[in-house]
Every structure is written in structure tokens, then in C-alpha cells.
Amino acid sequence: MQAKVYRYTGEATAPIELWRSLNPQGNAWWFGWSETAMYLPQPLNGDLPNADWERLSLFNCKAELRLLGRRGKSVIMLLIEDDEPRGEWRLCEEYSQCKCAQHILLGDPPASGGETSLLLDVAYPAVFDYGIALAPSADRRNRVIAHVCYYYDAEHRLRYVRYAGIDSKSW
């Protein structure tokens with residue numbers, strides 16, 4: 001699988017409009033942070049909060065649109081395998097090595113209670129909600145996982161991690 005990184009060269013536009021112009025197929029997700037707020041990965045439904053983004057990612061199984069705020073300017077990148085975007089995109093880098101993997105985001109829900117998408121991490125005292133419901137089970141392990149693609153250069157150095165989706169897995 002050929003991995004490519006493009007940079008947007010057009011006039012400034014809202015990230016959600018740019019994402020929709022790529023005509024992404026399938027379910028999309030987003031996450032981001034600004035100086036005052038952090039948003040965990042969640043389904044992309046409608047509009048995004050109005051924020052001065054330091055990092056914003058919109059992604060699905062085919063591509064990730066990444067906005068990076070640097071020194072008052074935004075850099076917009078597209079990480080994609082195989083396909084080529086239409087419009088004002090300039091190819092920056094190509095990687096012949098692309099491997100897909102999974103990252104565990106959250107583990108089993110508490111043993112008491114029913115199905116929930118709100119899980120508490122005691123090591124880092126916070127409540128995490130990825131919008132994926134898990135039910136406690138005595139005989140199965142439940143996890144919320146992120147599907148990712150690793151982009152490696154010719155020397156097999158990791159250059160980018162592209163998010164491709166989030167769902168649950170039981171085993």
C-alpha cells in the first residue's frame with residue numbers, strides 16, 4: 001500500500017468544508033485540541049466547535065485531514081493511501097511502507113452496572129467517552145480500539161501515524 005502526504009495550497013477554508021469536498025465515503029471521526037479545550041475522538045456528526053485549533057484531525061478508513069496551528073498560521077495536510085485528492089493539494093511525501101494496526105484506547109467497563117460509553121481512568125483521573133458502548137462481561141474482554149496506519153520512510157523510520165477509525169473489540 002502506497003502512503004502519501006499532501007499539503008493544501010488553496011485559500012483558507014473551514015476544515016469541515018474541506019473534508020466534505022474530499023467526498024469521504026464511510027463513517028468519519030474527529031478529535032482536536034486548542035489552548036482551552038481538548039476533544040477526544042468522536043463521530044463526526046454535523047459541525048465542529050468553533051476553536052483556535054492547535055491540532056484538529058478528521059478521519060475515516062480512507063484518509064485523515066490534519067490541521068496544525070503554527071505561529072498564527074494553519075497548515076492543512078492530507079494523509080491518504082493510494083487515492084489522489086482533487087483540488088488544490090500538493091504532494092509532499094510518499095512512503096512505500098504502510099502498515100495498519102490497532103491501539104487500545106479503553107479497557108473493560110466497571111463490573112457493576114450495565115452498558116456504558118463513559119469509562120473512568122484511575123491512573124489519569126478523567127472520564128473518557130468515545131461514544132462506543134461496552135457492556136461488562138465475565139467471559140469476554142471488551143476494548144475500545146483505534147485503527148491506525150503507520151507511514152514508514154525508506155530507512156523504516158516511523159514518520160506519521162494516521163487515524164483510520166474507532167470501534168470496539170471483544171475477545
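A compact table of results
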| item | result |
| --- | --- |
| Residue that is farthest from residue 68 (Cα to Cα), among those in the stretch 1-26 that are surrounded by fewer than 19 Cβ atoms within 10 Å (Cβ to Cβ) and among the small types (Gly, Ala, Ser) | 26 |
| Every residue from the stretch 96-113 that is under 16 Å from residue 144 (Cα atoms), of a type outside the set (A, V, I, L, M, F, W, C) and at pLDDT below 85 | 107, 108, 109, 110 |
| Qualifying residue in the stretch 62-81 (condition: modelled with pLDDT of 90 or more, within 27 Å of residue 167 (Cα to Cα), of a type in the set (Val, Ile, Thr) and out of contact with any Pro (no Cβ under 8 Å at 6 or more places or on another chain)) | yes |
| Criterion: assigned to a strand (DSSP E or B) and among the aliphatic types (A, V, I, L, M) - qualifying residue of 105, 48, 18 | 105 |
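The values are calculated or read from the model by the stated rules, or taken from the named source; none is laboratory data. Only a predicted model underlies this, so the values are computations on that prediction, with no experimental measurement involved. Counting neighbours? That spans all protein chains shown, and the Cβs are built from the backbone with ideal geometry, glycine included.
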